[in-house]
Amino acid sequence: MNRQAQSAVLFLLGAALLHAGLTDLYLRYVKAGLRPMLLASGAVLIAAALATAWYEWRRGRVDHPDDDHGHAHREPRVSWLLVLPLFALILVAPPALGSYSAMHTGTALQQSYGYPALPAAGRTLRLSLADYASRAVYDHGRSLRGRQIRITGFVALDRSGAPYLVRMALNCCAADAQPVKIGLTGRIPPVLQPDTWLEVTGTYTPRQTKDPVNHGPIPFLKVTRAAPVHAPHDPYDETWNT
Amino acid sequence: MAITKSAPSRAAHTDASGDGDEGGPQPDSKSPLVLTLLLVMAVLLQGPVRRALGAPVMQSWMTVFVAVVVQALPFLVLGVLLSAAIAVFVPPSFFARALPGRPALAVPVASAAGAVLPGCECASVPVAGALVRRGVTPAAALAFLLSAPAINPIVLTATAVAFPRNPEMVLARLVASLLVACAMGWLWLRLGRADWLRPPARTSYEGQGKGVAFWGSVRHDVMHAGGFLVVGAMAAATLKAVVPSGWLRTAADNPAVSVLALAILAVLLSICSEADAFVAASLSQFSLTARLTFLVVGPMIDLKLFAMQAGTFGRGFALRFAPATFALAVGVSVLTGAVLL
């Protein structure tokens, strides 16, 4: 790969990072906190591309054009691989991890330090999926009994077709994302497509099951109402990062 | 798997044989043409390619692949900028003064200095490469390479957050990582041979101004280490998509097997050292010692790092350095775990 091509690849790579960082695209792959670093590195890559092109142009004017061209200036062929993430990011933009990864990974439910009392006002209580699951399993649902609870997550079906509501929790990037799952029971919509986002309203039930992958606990929610919703702005649960 | 295995070796081979045949079959002037053709093809074939990639397993592979690259690139760029700054603005005499003259003493000093490079392992490879080229004794640069990703404040804080109930884990990680870094440095002094280190030929920018040298170094390192980063990301995504996590459950029952299993998992998964503590915390069926091994091995040697080391220092080096690091890291982790955990 000669320097013009390198300059082009650097420029496109920088532009792709800027594009991902300026839209919500980057949230499919990395944590929200990485955004400043993404934008800065995109800018540096573009600067490197422009500097390369500029010095190359100047060198071409000063020296003879093909003076010592053709050796010691090219990078090995492995550099060509950089076009792969470029294509993947610009042309395909793969979706955030969904039901396939969720059902192939064990639930990553964690016990919290304590469970502060939930606000008493209002009939319906909005909880994050991981918060509900953790309270249901490790606090034995003490703070949940008798409350209407509303949770958002995406649908995943296990081999037998039993529905789960899942949220992937992420620490750094999608490579370390792990699912937190709750089982659905009660008035479940008759047809459920995997990966559709649902907002379910329901009540606590002491029923639990074990995740077939890692034997982790999966609590259940007794559904009274379920409505499809748009995927949230950040598809991952990032509460572990704070 | 075939692609990810063969790519680094072929590329490293090209490196080792110097710069004579790097262009391969296509003459130099053709690479912009090849790039343009590739881009046009990719745009035209978007539809069929998307359909082929529609299968869930392929989608999750792509997502993890893109995520590893997107996550690592900012850190790689940071490391590359630092390495270019070292190469251009810091005179070699600075390191001669900053590090103790005796290599055996320079090794622990360099290991401890790893604490100041905030970032993950992608940043430390180019920086260590620049240190070697700047005349720092290789043993000290290698100790820095191993310790920096594991003992910097960001990583240690993340470890403390991930193990709220086991604060001793932070100390154990710090101690074990420092020990392995020093031991590898001393081992290199003892057994290392200069001709194993074969960094690829670089253009010399002597007498061309600092701007040319700085941006030339940035461009070279991004293209080079970036290519190897892609190899590592492909390998990590393949393993994440293919390996069922069910087998981990069986491995957790036997103490010896569990340590080895998590050490190998750390190599295969190639998770950023800033995030590995959270993954280790979630592997709760394993003993603390096994999880410590995961945290010590991961930042020192994994598929992504191996590919990048082969690119920066040469394949002959990486093939010797990686197994030694792995064995030492596992041994030291077990000992540290026995004492501290």
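Read-outs: derived from the displayed coordinates by stated rules, not from any lab. This structure is a prediction, so every number in the text was calculated from the model and none was measured. We place every Cβ from the backbone using ideal geometry, glycine too, and count neighbours over all the protein chains shown.
Results, tabulated for the structure shown:
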{"quantity": "Global form of chain B, assessed from the alpha-carbon gyration tensor, a/c cut-off 1.5", "calculated": "oblate"}
{"quantity": "Whole-Hz ³J(HN,Hα) from phi, Karplus 6.51 cos²θ - 1.76 cosθ + 1.60, for region A:172-183, glycine and proline x", "calculated": "9, 9, 4, 5, 10, 5, 10, x, 10, 10, 10, x"}
{"quantity": "Nearest-0.05 FRET efficiency for B:ALA324 and A:LYS222, computed from C-beta distance (R0 45 Å)", "calculated": "0.20"}
{"quantity": "Inter-label distance, nm, simple model (7 Å from Cα along the C-beta direction), B:ARG190/B:VAL339", "calculated": "1.7"}
{"quantity": "Region B:139-183 residues near the modelled B:ALA96 label - backbone nitrogen below 18 Å, point 7 Å along Cα→Cβ", "calculated": "B:139-141"}
{"quantity": "Span-rule helices in chain B, defined as complete DSSP H runs reaching 20 Å or more along the axis (Cα) with Kyte mean at least 1.6", "calculated": "B:56-89, B:255-269"}
{"quantity": "By average C-beta atoms within 10 angstrom, highest first, the peptides B:174-183, B:226-235, A:189-198", "calculated": "B:226-235, B:174-183, A:189-198"}
{"quantity": "Amide H partners (placed H, <5 Å) of A:ASP237, local residues excluded", "calculated": "A:MET168, A:ALA169, A:LEU170"}
{"quantity": "Note, ³J(HN,Hα) from phi for region A:83-95, Karplus 6.51, -1.76, 1.60, rounded to Hz, x at Gly and Pro", "calculated": "6, 5, x, 4, 4, 4, 6, 7, 8, 9, 6, x, x"}
{"quantity": "3J(HN,Hα) from dihedral phi, region A:9-16, Karplus parametrisation 6.51/-1.76/1.60, rounded to Hz, x for glycine, proline", "calculated": "5, 4, 4, 5, 5, x, 5, 5"}
{"quantity": "Shielding score for A:94-107, defined as the mean number of other chain Cβ atoms within 10 Å", "calculated": "5"}
{"quantity": "Most to least packed among A:222-232, B:81-91 [average Cβ atoms within 10 Å]", "calculated": "B:81-91, A:222-232"}
{"quantity": "Around A:PRO217: net Lys/Arg minus Asp/Glu count, Cβ-Cβ under 9 Å", "calculated": "0"}
{"quantity": "When each of B:LYS30/B:LYS240; A:LYS210/B:LYS304; A:LYS210/B:LYS240 is checked by Cα-Cα distance, pairs over 32 Å", "calculated": "B:LYS30/B:LYS240; A:LYS210/B:LYS304"}
{"quantity": "Interchain or long-range residues, amide H under 5 Å from B:SER273's placed H", "calculated": "B:GLU121"}
{"quantity": "Per-pair calculated FRET efficiency, R0 = 30 Å: A:GLN148 and B:THR157 via Cβ, rounded to 0.05", "calculated": "0.20"}
{"quantity": "Environment charge at B:ALA329 (Cβ cut-off 12 Å; Lys +1, Arg +1, Asp -1, Glu -1)", "calculated": "0"}
{"quantity": "Label-point gap, in nm, between B:ILE264 and A:LYS210 - each point 7 angstrom along Cα→Cβ", "calculated": "2.5"}
{"quantity": "Inter-centroid distance (Cα atoms) of region B:59-107 relative to region B:265-341, Å", "calculated": "18"}
{"quantity": "Charge dipole (region A:99-241, unit charges on Cβ, about Cα centre) - positive-most of A:THR196, A:HIS104, A:GLY183", "calculated": "A:GLY183"}
{"quantity": "Chain B - mean residue ellipticity at 222 nm from DSSP helices (-39,500 (n - 2.57) per run, n ≥ 4, rounded to 500)", "calculated": "-25000 deg cm²/dmol"}
{"quantity": "A:TYR29, A:TYR164, A:TYR100, A:TYR204 arranged by Cβ crowding within 10 Å, fewest neighbours leading", "calculated": "A:TYR100, A:TYR204, A:TYR164, A:TYR29"}
{"quantity": "Pair A:TYR115, A:VAL62: separation of 7 Å Cα→Cβ label points (nm)", "calculated": "7.1"}
{"quantity": "For A:LYS181, residues with placed amide H under 5 Å, excluding near neighbours", "calculated": "A:ALA108"}
{"quantity": "Sum of side-chain charges, A:ALA51 neighbourhood, beta-carbon under 14 Å (Lys, Arg +1; Asp, Glu -1)", "calculated": "+3"}
